[in-house]
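Engineer: Let me give you the structure first, and then I'll get to my questions.
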Amino acid sequence: MDIFCKIINKEVNSYTIYEDDIVKVFLDVNQKHKGHTLIIPKKHYVNLFDIDTDTLNYIFKVARNIAVLLKEALNYDGITLLQNNDYGQEVKHFHLHLIPTYEKENENSNIEEIYNIIKSKSSTR
């Protein structure tokens, strides 16, 4: 069982910022940039070639909403969506990265602080 399945099954804790019946959205514990977020389907799909179109479309709909939330909470200057397949895919469970980028980034922000900022914004939406 991969780490994302364990997160979905609550065997491993995560900084979850959104969840419904189809997806779970949480902060990447290895933040590339402040607010680096992952969206994973709750049903296990290995990669882009394995996932059905309806779930894929839904993930991108959620991605747009989360990108807006991250913009409101963290005021990033740009955002990258990244999805790896096969070679280069560390976890063999489909996942979409949302990676905010900043002209000037404060590297001292820790994941708990970032999580609290995002959660406070999401509760006011």
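The values are calculated or read from the model by the stated rules, or taken from the named source; none is laboratory data. Treat the numbers as computed from the prediction; the structure is a model and nothing was measured. Cβ atoms come from the backbone with ideal geometry, glycine included; neighbour counts cover every protein chain shown.
Residue by residue, here is whether (1) part of a strand (DSSP E or B); (2) touching a strand residue (DSSP E or B) at 6+ places or on another chain (Cβ under 9 Å) holds:
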residue: Asp86; (1), (2): no, no
residue: His97; (1), (2): yes, yes
residue: Glu105; (1), (2): no, no
residue: Ser109; (1), (2): no, no
residue: Ile114; (1), (2): no, yes
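Engineer: If you don't mind, another one. So, of the residues in segment 51-91 that are out of contact with any Asp or Glu (no Cβ under 7 Å at 6 or more places or on another chain), among the acidic types (Asp, Glu) and modelled with pLDDT of 95 or more, which turns out to be surrounded by the fewest Cβ atoms within 10 Å (Cβ to Cβ)?
Structural biologist: Asp54
Engineer: Being within 27 Å of Thr101 (Cβ to Cβ), part of a loop (DSSP other than H, G, I, E, B) and not β-branched (Val, Ile, Thr) is true for just one of Asn65, Asn13. Which residue is that? Let's see the steps before the verdict.
Structural biologist: Numbers: Asn65 fails: part of a loop (DSSP other than H, G, I, E, B).
Only one candidate qualifies: Asn13.
Engineer: If I ask for residues that are under 23 Å from Tyr115 (Cβ atoms) and part of a helix (DSSP H, G or I), which ones from segment 25-59 would you list?
Structural biologist: Ile59
Engineer: Also: Go through segment 19-47 and report how many residues are out of contact with any strand residue (DSSP E or B) (no Cβ under 7 Å at 6 or more places or on another chain), over 19 Å from Met1 (Cβ atoms) and at pLDDT below 95.
Structural biologist: Within segment 19-47, residues that are out of contact with any strand residue (DSSP E or B) (no Cβ under 7 Å at 6 or more places or on another chain), over 19 Å from Met1 (Cβ atoms) and at pLDDT below 95 number 2.
Engineer: If you don't mind, there's one more thing I want to ask. Pull up segment 58-103, narrow it to residues that are touching a residue at least 60 places away in the same chain (Cβ under 8 Å) and within 12 Å of the chain's Cα centre (by Cα), then point me to the one that is farthest from Lys43 (Cα to Cα).
Structural biologist: Pro100
Engineer: Evaluate the following for Val91: is it in a loop (DSSP other than H, G, I, E, B) and in contact with a helix residue (DSSP H, G or I) (Cβ under 7 Å, 6 or more places away or on another chain)?
Structural biologist: Criteria met by Val91.
Engineer: Taking segment 42-100 only, how many residues are among the small types (Gly, Ala, Ser) and either touching a Phe, Trp or Tyr at 6+ places or on another chain (Cβ under 7 Å) or more than 29 Å from Ser123 (Cβ to Cβ) (or both)?
Structural biologist: 1
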